[in-house]
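Undergrad: I'd like to ask you about the structure that follows.
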Amino acid sequence: MRIALGSDHAGYDLKALLVSTLEGWDHEVVDVGTVNATDSVDYPDFGAAVGRAVVTGDADLGVAVCGSGIGVSIAANKVPGVRAALAHDATSARLAREHNHANVLCLGARLIGAPVAVDALDAWLHATPGEGRHLGRIAKLDELDRHVAQEKGGPR
């Protein structure tokens, strides 16, 4: 599977660990930046870059990291077609994929440790998006994306 990863400076070290973890699990990684933890950068740039990589098909799924995970999740969710979910543990990550069909996992490097982040990533990757009642809810999320695009003059 091809997975896009991006982070700001606060999430860089965790992103680097997740890149090596994913490569060790034989996934292809699309690293959209940043390149170090010392230069201050803006989280919206990297959350949006991960989201764009997913919706354009450059990646199957995405992972975005910042200090809290909140900023990158907000930024990623501004990209129509992205369902980014902030997870704090394996359970919230698994449920984000099963119930919400999350295609971008967001993590807060300052809030969770590396072992918890790796467990969350593993749970999210191995979860199966649910069917049944979840499909109607996902359709409503998709309709929200279409509505926003229509308001901006884009495709319906």
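The values are calculated or read from the model by the stated rules, or taken from the named source; none is laboratory data. Predicted model only: the values in this text are computed from it and were never measured. Neighbour counts run over all protein chains shown; Cβ positions are idealised from the backbone, glycine included.
Undergrad: Only one residue in 120, 114, 96, 75 is closer than 24 Å to residue 32 by Cβ, modelled with pLDDT of 95 or more and in contact with a strand residue (DSSP E or B) (Cβ under 6 Å, 6 or more places away or on another chain), so which one is that?
TA: 96
Undergrad: Look through 48, 85, 53 and report the one residue that is of a type outside the set (Asp, Glu), closer than 21 Å to residue 18 by Cα and in contact with a Ser or Thr (Cβ under 8 Å, 6 or more places away or on another chain).
TA: Of the residues listed, the single one that is of a type outside the set (Asp, Glu), closer than 21 Å to residue 18 by Cα and in contact with a Ser or Thr (Cβ under 8 Å, 6 or more places away or on another chain) is 85.
Undergrad: Return the only residue of 134, 99 being surrounded by fewer than 17 Cβ atoms within 10 Å (Cβ to Cβ), closer than 23 Å to residue 144 by Cα, touching a Gly at 6+ places or on another chain (Cβ under 7 Å) and not aromatic (Phe, Trp, Tyr).
TA: Going through 134, 99 in turn, the sole match is 99.
Undergrad: Related question: Take the residues in region 25-67 that are surrounded by fewer than 19 Cβ atoms within 10 Å (Cβ to Cβ), small (Gly, Ala, Ser) and touching a residue at least 12 places away in the same chain (Cβ under 8 Å); name whichever of them is farthest from residue 128 (Cα to Cα).
TA: Of everything passing the filter in region 25-67, 40 is farthest from residue 128 (Cα to Cα).
Undergrad: Looking at this structure, is residue 73 buried (at least 22 other Cβ atoms within 10 Å of the Cβ), among the hydroxyl-bearing types (Ser, Thr, Tyr), without any contact (Cβ under 8 Å) to a residue 40 or more places away in the chain and under 29 Å from residue 134 (Cα atoms)?
TA: Values: buried (at least 22 other Cβ atoms within 10 Å of the Cβ): yes; among the hydroxyl-bearing types (Ser, Thr, Tyr): yes; without any contact (Cβ under 8 Å) to a residue 40 or more places away in the chain: yes; under 29 Å from residue 134 (Cα atoms): yes.
Yes; evaluated as a whole, the condition is true for this residue.
Undergrad: In region 61-74, what residues are assigned to a loop (DSSP other than H, G, I, E, B) and under 11 Å from the mean Cα position of the chain (by Cα)?
TA: Residue satisfying the conditions is 69 alone.
Undergrad: List the pairs whose first member sits in region 103-127 and is more than 17 Å from residue 74 (Cα to Cα), whose second member is surrounded by fewer than 22 Cβ atoms within 10 Å (Cβ to Cβ) and among the acidic types (Asp, Glu), and whose Cβ atoms are under 7 Å apart, counting only residues at least 6 apart or on separate chains?
TA: 116/89; 120/89; 127/98
Yes or no, residue by residue, for (1) touching a Leu at 6+ places or on another chain (Cβ under 7 Å); (2) within 20 Å of residue 125 (Cβ to Cβ); (3) in a loop (DSSP other than H, G, I, E, B):
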{"position": "3", "(1), (2), (3)": "yes, yes, no"}
{"position": "11", "(1), (2), (3)": "no, yes, no"}
{"position": "23", "(1), (2), (3)": "no, yes, no"}
{"position": "29", "(1), (2), (3)": "yes, yes, no"}
{"position": "33", "(1), (2), (3)": "no, no, yes"}
{"position": "47", "(1), (2), (3)": "no, yes, no"}
{"position": "59", "(1), (2), (3)": "no, yes, yes"}
{"position": "79", "(1), (2), (3)": "no, no, yes"}
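Undergrad: Could you check region 123-139 and list, in sequence order, the residues that are of a type in the set (Gly, Ala, Ser) and either farther than 19 Å from residue 26 by Cα or modelled with pLDDT under 95 (or both)?
TA: Within region 123-139, 130, 132, 136, 139 meet the criteria.
Undergrad: In the list 102, 117, which residue meets the criterion of being small (Gly, Ala, Ser) and in a helix (DSSP H, G or I)?
TA: On the way: 102 fails: in a helix (DSSP H, G or I).
None of the others qualify; the one that does is 117.
Undergrad: Does residue 10 count as modelled with pLDDT of 95 or more, within 16 Å of residue 86 (Cβ to Cβ) and more than 13 Å from the chain's Cα centre (by Cα)? Step through it out loud before you land on a result.
TA: Numbers: modelled with pLDDT of 95 or more: yes; within 16 Å of residue 86 (Cβ to Cβ): yes; more than 13 Å from the chain's Cα centre (by Cα): yes.
Taking the combined requirement at face value, the residue satisfies it.
Undergrad: Are there any pairs, at least 6 apart or on different chains, whose C-beta atoms fall under 8 Å, with the first in region 132-146 and under 21 Å from residue 79 (Cβ atoms) and the second among the charged types (D, E, K, R), and if so, which?
TA: 138/83; 141/83; 146/156
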